[in-house]
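Q: Please see the structure below; I have some questions.
The values are calculated or read from the model by the stated rules, or taken from the named source; none is laboratory data. These numbers were taken from a predicted model, which means no experiment stands behind them. As a convention, Cβ positions derive from the backbone with ideal geometry for all residues, glycine included, and neighbour counts pool all protein chains shown. The accessibility values were calculated without ligands, DNA or RNA, using every heavy atom of the protein model including side chains. Shrake-Rupley method; radii C 1.70, N 1.55, O 1.52, S 1.80 Å.
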Amino acid sequence: MLLSKIKNISKGIVLDNELMSKHTSYGIGGKVLAYIRPFDKYELIKIIKLLNENNSKIYFVGSGSNLLVNDKKINAYIITPAKALKLFNIDDNIITAESGVMLGKVVKESIKHNLTGLEGLVGVPGTLGGALMMNAGAWGAEISNYLISVDIVSNNGEIKKLYPDDIEFKYRYSSFSSNEFILSAKFKLNKANRADINKRKQIASKGRIRSQPLKFRSAGSVFKNPHKKLAAGLLIDKVGLKGTRYGHAEISDHHANFMENINNASSQDALYLINFVQQKINNTFNISLQPEVSIFQ
């Protein structure tokens with residue numbers, strides 16, 4: 001049995017028939033075949049090779065802070081670096097980190113070493129791997145701006161090094177393949193005055209606390225902004241959808257581009273609201289809103 005083989009080679013965490021609701025910030029998601037947290041990169045490579053040799057469906061995820069997962073059982077294996085692949089180092093102005101390092105730690109440590117560039121990402125949840133996959137950004141900066149290289153694991157277990165010219169980055173987008181596991185990354189930041197860094201950090205932090213709902217479970221922005229000068233939340237607010245509820249999911253009355261799990265919402269509750277918002281915005285403004293949240297069905 002495949003699961004037994006995985007458990008036999010693993011010193012990490014292998015949870016079979018695991019509910020993804022335990023591993024997403026929405027608190028939504030049905031069972032998967034197994035939720036796997038490899039012990040180290042060597043074990044990771046073995047597991048990826050084994051699963052691909054058996055033509056298994058694999059999803060690579062971070063900490064689940066940007067996921068909407070179907071309530072029904074998903075015949076797939078989840079592999080995550082969260083709480084496992086956490087090697088981290090700063091040498092002068094060069095940061096090297098594995099994909100399971102939390103983005104918050106990368107930001108905190110860079111500030112501690114008087115390095116500027118990432119302080120605008122303070123308070124953004126998730127792992128470094130997830131941040132790279134979605135090209136996380138805030139306050140005019142994107143994480144890809146400072147990238148030197150990325151090590152990925154291909155579906156045959158081979159480690160490959162990619163450079164910025166090998167990857168397409170756009171607003172909340174990267175061209176990493178869903179078959180590629182982001183293993184680690186290297187960044188180059190600039191030295192700066194600590195007071196200036198902290199000032200920019202405080203602006204970002206206060207702005208995030210002021211604008212984002214914190215009362216119920218959510219997963220950050222639901223939709224990408226149509227362009228730099230037009231926010232998705234503004235459009236949703238203009239058509240009067242703040243506070244709209246379906247089942248136990250609700251468009252936040254605090255920030256219209258957030259959706260909250262009020263009380264054990266289902267994935268269908270959330271998907272209904274997403275589709276409803278898209279139709280309303282398209283009918284009113286002829287604008288097609290694209291999800292920023294990753295949807296696993």
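Q: May I ask for the distance between the Cα centers of the range 40-113 and the range 114-191, given as a whole number of Å?
A: 12
Q: To continue, here is another question. Using the heavy atoms of the protein chains and a 1.4 angstrom probe, tell me the accessible area per residue for the range 157-224 in square angstrom.
A: On a per-residue basis, 62 Å².
Q: Using a 1.4 Å probe and ignoring any ligands, DNA or RNA, find the accessible area of Glu292 and quote it in Å² to the nearest 10.
A: So the heavy atoms of Glu292 present about 30 Å² to solvent.
Q: Turning to a different aspect of this structure: I'd like the accessible area for Lys86: 1.4 Å probe, protein heavy atoms, all chains in place, Å² to the nearest 10.
A: Only protein atoms counted, so the area is about 110 Å².
Q: For His248 and Asn17, what is the calculated FRET efficiency with R₀ set at 22 Å and r taken between the beta-carbons, to the nearest 0.05?
A: 0.35
Q: Quick one: length gained pulling Gln297 to Phe276 fully straight, 0.36 nm per residue minus the C-alpha distance? Please list the in-between numbers first.
A: Details: separation 21, 0.36 × 21 = 7.56 nm, distance 1.80 nm.
Gain on stretching Gln297 to Phe276: 5.8 nm.
Q: With an 8 Å Cα cut-off and a minimum separation of 6 or more residues, compute the relative contact order for the chain in percent.
A: The value is 17 percent.
Q: Go ahead and estimate [θ] at 222 nm for the chain from helices alone: -39,500 (n - 2.57) per DSSP H run with n ≥ 4, summed, over the residue count, rounded to 500.
A: -8500 deg cm²/dmol
Q: Any idea of the accessible area per residue across the range 1-107, 1.4 Å probe, to the nearest Å²?
A: Each residue of the range 1-107 exposes 45 Å² on average to a 1.4 Å probe.
Q: Please find, in a Gaussian network model of the chain (springs between Cα atoms separated by less than 10 Å), the residue of Asn264, Asn198, Asn55 whose mean-square fluctuation is greatest.
A: Asn55
Q: Using only the heavy atoms of the protein chains and a 1.4 Å probe, how would His227, His248 rank by accessible area, largest first?
A: Output order, biggest surface exposure first: His227, His248.
Q: With a 1.4 Å probe and every protein chain kept in, tell me what percent of the accessible surface of the chain is carbon plus sulfur.
A: Details: 6930 of 14600 Å².
The computed percentage sits at 47.
Q: Quick check: from the Cα gyration tensor, does the range 195-236 come out rounded (a/c under 1.5), prolate or oblate?
A: Judged from the Cα gyration tensor, the range 195-236 comes out oblate (a/c at least 1.5, b/c at or above a/b).
Q: Assign one of three labels to the range 164-259, namely rounded, prolate or oblate, based on the Cα gyration tensor with a ≥ b ≥ c the square roots of its eigenvalues; rounded applies when a/c is under 1.5, prolate when it is not and a/b is larger than b/c, and oblate otherwise.
A: It comes out oblate by the Cα gyration axes.
Q: Quick one: order His254, His23 from most to least accessible surface, probe 1.4 Å.
A: Details: His254 90, His23 35 Å².
Sorted by accessible area, descending: His254, His23.
Q: What is the list of residues in the range 210-254 whose amide nitrogen lies under 15 Å from a point 7 angstrom out from the Cα of Asn264, following Cα to Cβ?
A: Inside the label zone: 247-249.
Q: Could you please put Ser4, Ser65 in sequence from largest to smallest accessible area, using a 1.4 Å probe?
A: Ser4, Ser65
Q: If you take the square roots of the eigenvalues of the alpha-carbon gyration tensor of the chain and sort them as a ≥ b ≥ c, do you get rounded (a/c under 1.5), prolate (a/b over b/c) or oblate?
A: oblate
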